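A short write-up of the structure that comes next.
The values are calculated or read from the model by the stated rules, or taken from the named source; none is laboratory data. Being a predicted model, the structure only gives us computed values, none of them experimental. Here the Cβ is made from the backbone with ideal geometry for all residues, glycine too, and neighbour counts use every protein chain on show.
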Amino acid sequence: MTTGARRTWQPDVTVATIVARDGRLLCVEEMADGRPVLNQPAGHLEPNESLLEAALRETFEETGWHVRLTHFIGAYQWRVPGSDRHYLRMAFAAEPLQEVAGARLDDGILRALWLTPTELQAEVARHRSPLVWQVVADWLGGSRYPLALARQLA
């Protein structure tokens, strides 16, 4: 680091949720950088919110589905090539509980859809980031940890 003013750096903390039903994964098609991309239900941690609360909120806001979190999948760190943008993603597994028909989805979300892992992998060129498939691959590989690993202290 150079001398002088200290530069403040902070990664974007995000959550993502793998929701599985009948061999399909709940995905979102959303606009990013002017093009439609595929992602898990995912988004930023908000102030005074636990990681678990953020995962539930983002899943509902982007898909209209209420879910029950079942496991922590893992923590992922990714820097956008050619930029200073840095993401720290916490990924969770969940089971679907109830879809709210007609729920208003977040701005930029085109639709929620259910894809098989094979269908999602075939669309790798449309993934929002490499985090999308890595989280799915880890989940498919059996990465399942207790939710207690994502602990919030008062």
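Consider only pairs whose beta carbons are under 6 Å apart and that are at least six residues apart or on different chains; among these, list those whose first residue lies in region 64-83 and is without any contact (Cβ under 8 Å) to a residue 12 or more places away in the chain and whose second residue is in a strand (DSSP E or B). The qualifying pairs are ARG79/HIS86. Scanning region 139-154 for residues that are among the hydrophobic types (A, V, I, L, M, F, W, C), within 19 Å of ARG24 (Cβ to Cβ) and either surrounded by 12 or more Cβ atoms within 10 Å (Cβ to Cβ) or free of Cβ contacts under 8 Å to residues at least 40 places away in the same chain (or both) turns up at least one hit.
Rundown of residues vs (1) under 11 Å from the mean Cα position of the chain (by Cα); (2) closer than 21 Å to LEU120 by Cα; (3) at pLDDT 95 or above; (4) not aliphatic (A, V, I, L, M), yes/no style:
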{"site": "CYS27", "(1), (2), (3), (4)": "yes, yes, yes, yes"}
{"site": "HIS44", "(1), (2), (3), (4)": "yes, no, yes, yes"}
{"site": "LEU52", "(1), (2), (3), (4)": "no, no, yes, no"}
{"site": "ALA55", "(1), (2), (3), (4)": "yes, yes, yes, no"}
{"site": "GLU58", "(1), (2), (3), (4)": "yes, yes, yes, yes"}
{"site": "GLU62", "(1), (2), (3), (4)": "yes, yes, yes, yes"}
{"site": "VAL67", "(1), (2), (3), (4)": "no, yes, yes, no"}
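Where strands (runs of 3 or more DSSP E) fall entirely within region 6-45, those with at least 3 residues that are among the β-branched types (Val, Ile, Thr) and closer than 19 Å to ALA75 by Cβ are at 12-21.
Annotation: of all residues in region 85-103 being touching a residue at least 40 places away in the same chain (Cβ under 8 Å) and over 20 Å from TRP133 (Cβ atoms), the one that is surrounded by the most Cβ atoms within 10 Å (Cβ to Cβ) is PRO96.
Could you grab me the full set of residues in region 88-106 that are among the aliphatic types (A, V, I, L, M) and over 17 Å from LEU147 (Cα atoms)? LEU88, LEU97, VAL100, ALA101, ALA103, LEU105, listed by residue number.
Would it be correct to say that ALA55 is surrounded by 19 or more Cβ atoms within 10 Å (Cβ to Cβ), out of contact with any Ser or Thr (no Cβ under 7 Å at 6 or more places or on another chain) and closer than 24 Å to GLY141 by Cβ? For ALA55, the condition - surrounded by 19 or more Cβ atoms within 10 Å (Cβ to Cβ), out of contact with any Ser or Thr (no Cβ under 7 Å at 6 or more places or on another chain) and closer than 24 Å to GLY141 by Cβ - is not met.
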